[in-house]
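Scroll down for the structure; my scribbles are underneath it.
The values are calculated or read from the model by the stated rules, or taken from the named source; none is laboratory data. A quick note: this is a predicted structure, and the numbers were derived from the prediction, not measured. When we count neighbours, we look across all protein chains shown, and the Cβ atoms used for this are built from the backbone with ideal geometry, even at glycine.
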Amino acid sequence: MKVSVILPTKNEEEAIGIILKRCKEALKNIDHELVVVDNSTDRTPEIAEEFGSKVIRNVEGYGRAYIEGLKVAEGDVVVMLDADGTYDPLEIPKLIEPIISNEADIVLGSRFLGEIRQGAMNPIHKLGNILLTKMTNFFFKTSLTDVHSGMRAAKKRIIDSLKLSCEGMEFATEMLAKAWRMGMKIIEVPITYHPRKGDSKLRTFRDGWRHLRLMLLLSPTHLFLIPATLMLLAGVALILYVLLFEPIRTHTLVLASMLTMIGAQTFFFGVSSKIYSSKIGLTDEDKFVRFFKRYSILEEGLLLGISLIVAGLILGYAILSAWIGTGYGELNALNYAILSFLMVAVGLQVAFSTFFISSLWME
């Protein structure tokens, strides 16, 4: 069993020597290699080479550093470790032990299960970590405590199978999301988080947004389908309420029409996103996707869309005829005019969206 420790570095001259020395100490009885993926302007790569590390130079981006490091790593187990002194390499054995004993595929070092030393994490970063972890657990039905930990270990074959591609800080979220969806066993072990040596490379709001952005893109049900369903239900309910009970509520009907149109379009965005995610392997092909994968979905969608368009045009023609019948005088049919417009617009959305959905299945 060989262990590869991959360290992304950017101007870590102050800490890298200490970190590499402690890595060697932690793995002195285990076959191992050190892989430093660097984008520094100081002596970080030279110091890494003095410790016998494999050094890959001029690689920009946190995720890109790991992607390039994984290409040259030869170990059966990969340890991912920030090189700024915030994580103690002497804790590496507790991360790799569950993997060696085949109790886990991926092991996270959890700062929140362990200890966060005074001054190691500012309150904003702490709050951000907690909130993003809770959102990750909500979206992916996990129960983790520290999804953004910069100290983690995994089986090399597992990491390779995930086909990771994010080049920024969101790489950490992509790794866990894909592993969970592939049924990998993920556990956490407590670790200690120390004050960093040197300047922080973390950009609070930009990096936080990149994590949230990826989570939303990997969760089309939460991003599109749930809001779409709520808008459609609210829109249809308000339309029925106005037409059946309160025809004077024209402004309410306008709101209802807006909700229905936006809800319909958002729904088809969600369908397209789920199909695309399934097609490229990000998600499994569930019953929902299989329903819209049927060969007849285009004809069914066209039939529904054309029916709505025809119904809207018939209603519009009836309004026009009534107007002509009054000698082009005053006409009190605004509610029905709104309904006519809505049916034609939604009908066109349905027709064109089913064409687009069908095109996603083309090879």
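Could you please tell me which pairs satisfy a Cβ distance under 7 Å, a separation of 6+ or placement on different chains, a first residue in the stretch 110-126 that is free of Cβ contacts under 8 Å to residues at least 40 places away in the same chain, and a second residue that is assigned to a loop (DSSP other than H, G, I, E, B) and not charged (D, E, K, R)?
Qualifying pairs under 7 Å: Phe112/Thr145.
For the stretch 13-57, enumerate the residues that are loosely packed, with under 14 Cβ neighbours inside 10 Å and hydroxyl-bearing (Ser, Thr, Tyr).
Thr41
Which of the residues spanning the stretch 28-50 are assigned to a loop (DSSP other than H, G, I, E, B) and either over 21 Å from Val77 (Cβ atoms) or not assigned by TED's automatic domain parsing to the domain that holds Lys94 (or both)?
Across the stretch 28-50, the qualifying residues are Asn39, Ser40, Thr41, Asp42, Arg43.
Counting only residues that are assigned to a loop (DSSP other than H, G, I, E, B) and within 22 Å of the chain's Cα centre (by Cα), which one in the stretch 53-71 is nearest to Lys156 (Cα to Cα)?
Ranking the candidates gives Gly61 first.
Can you find a residue that is among the small types (Gly, Ala, Ser), within 22 Å of Glu170 (Cβ to Cβ) and either in contact (Cβ under 8 Å) with a residue 60 or more places away in the chain or assigned to a strand (DSSP E or B) (or both) anywhere in the stretch 84-96? First the steps, then the outcome.
Taking the stretch 84-96 and keeping what is among the small types (Gly, Ala, Ser), we get 85.
Going one step further and asking which of them are within 22 Å of Glu170 (Cβ to Cβ), we end up with none.
Among the residues of the stretch 84-96, not one is among the small types (Gly, Ala, Ser), within 22 Å of Glu170 (Cβ to Cβ) and either in contact (Cβ under 8 Å) with a residue 60 or more places away in the chain or assigned to a strand (DSSP E or B) (or both), which makes the answer no.
Among the candidates Tyr328, Tyr295, single out the residue that is of a type in the set (Phe, Trp, Tyr) and either outside the structural domain of Phe268 (by TED's automatic domain parsing) or farther than 30 Å from Ile275 by Cβ (or both).
Tyr328 is the lone residue from the list that is of a type in the set (Phe, Trp, Tyr) and either outside the structural domain of Phe268 (by TED's automatic domain parsing) or farther than 30 Å from Ile275 by Cβ (or both).
Of the residues Glu12, Glu103, Glu74, Glu25, which single one is part of a loop (DSSP other than H, G, I, E, B), in contact with a helix residue (DSSP H, G or I) (Cβ under 7 Å, 6 or more places away or on another chain) and touching a residue at least 40 places away in the same chain (Cβ under 8 Å)? Break it down stepwise before answering.
On the way: Glu103 fails: in contact with a helix residue (DSSP H, G or I) (Cβ under 7 Å, 6 or more places away or on another chain); Glu74 fails: in contact with a helix residue (DSSP H, G or I) (Cβ under 7 Å, 6 or more places away or on another chain); Glu25 fails: part of a loop (DSSP other than H, G, I, E, B).
Step by step, each of Glu12, Glu103, Glu74, Glu25 is checked, and only Glu12 is part of a loop (DSSP other than H, G, I, E, B), in contact with a helix residue (DSSP H, G or I) (Cβ under 7 Å, 6 or more places away or on another chain) and touching a residue at least 40 places away in the same chain (Cβ under 8 Å).
Among the listed residues Phe171, Phe205, identify the single one that is aromatic (Phe, Trp, Tyr) and either under 19 Å from Leu81 (Cα atoms) or in contact with a Phe, Trp or Tyr (Cβ under 8 Å, 6 or more places away or on another chain) (or both).
Phe171
Answer yes or no as to whether Ile262 is at pLDDT 90 or above, closer than 26 Å to Leu144 by Cα and outside the structural domain of Gly128 (by TED's automatic domain parsing).
Here the answer is no, as Ile262 does not meet what is asked.
Looking at this structure, is Ile124 in the same structural domain as Gly263 (by TED's automatic domain parsing), over 26 Å from Asn39 (Cα atoms) and surrounded by fewer than 18 Cβ atoms within 10 Å (Cβ to Cβ)? Break it down into steps so the answer makes sense when it comes.
Working: in the same structural domain as Gly263 (by TED's automatic domain parsing): no; over 26 Å from Asn39 (Cα atoms): yes; surrounded by fewer than 18 Cβ atoms within 10 Å (Cβ to Cβ): yes.
No; evaluated as a whole, the condition is false for this residue.
Inspect the stretch 97-108 for any residue being exposed (fewer than 14 other Cβ atoms within 10 Å of the Cβ), closer than 21 Å to Met169 by Cα, of a type in the set (A, V, I, L, M) and under 27 Å from the mean Cα position of the chain (by Cα) and give the result as yes or no.
Just the residues of the stretch 97-108 that are exposed (fewer than 14 other Cβ atoms within 10 Å of the Cβ), to begin with: 101-103.
After this cut, where a residue has to be closer than 21 Å to Met169 by Cα as well, the list is none.
For the stretch 97-108, residues exposed (fewer than 14 other Cβ atoms within 10 Å of the Cβ), closer than 21 Å to Met169 by Cα, of a type in the set (A, V, I, L, M) and under 27 Å from the mean Cα position of the chain (by Cα): absent.
Can you tell me which residues in the stretch 66-85 are crowded, with 23+ Cβ neighbours inside 10 Å and out of contact with any Asp or Glu (no Cβ under 9 Å at 6 or more places or on another chain)?
Hits for the stretch 66-85 are Tyr66, Val77, Val78, Val79, Met80, Leu81.
Quick one: is Leu81 hydrophobic (A, V, I, L, M, F, W, C), over 22 Å from the mean Cα position of the chain (by Cα) and either in the same structural domain as His194 (by TED's automatic domain parsing) or modelled with pLDDT under 95 (or both)?
It is true that Leu81 is hydrophobic (A, V, I, L, M, F, W, C), over 22 Å from the mean Cα position of the chain (by Cα) and either in the same structural domain as His194 (by TED's automatic domain parsing) or modelled with pLDDT under 95 (or both).
Farther than 22 Å from Asp76 by Cβ and either crowded, with 20+ Cβ neighbours inside 10 Å or acidic (Asp, Glu) (or both): does that describe Lys10?
Spelling it out, Lys10 is indeed farther than 22 Å from Asp76 by Cβ and either crowded, with 20+ Cβ neighbours inside 10 Å or acidic (Asp, Glu) (or both).
Check the stretch 281-289 and report whether any residue there is small (Gly, Ala, Ser), assigned by TED's automatic domain parsing to the domain that holds Ala264 and either in contact with a Phe, Trp or Tyr (Cβ under 8 Å, 6 or more places away or on another chain) or without any contact (Cβ under 8 Å) to a residue 24 or more places away in the chain (or both).
No: zero hits.
Within the group Ala154, Ala177, which residue is under 20 Å from the mean Cα position of the chain (by Cα), among the small types (Gly, Ala, Ser) and buried (at least 18 other Cβ atoms within 10 Å of the Cβ)?
One residue alone meets the criteria, Ala177.
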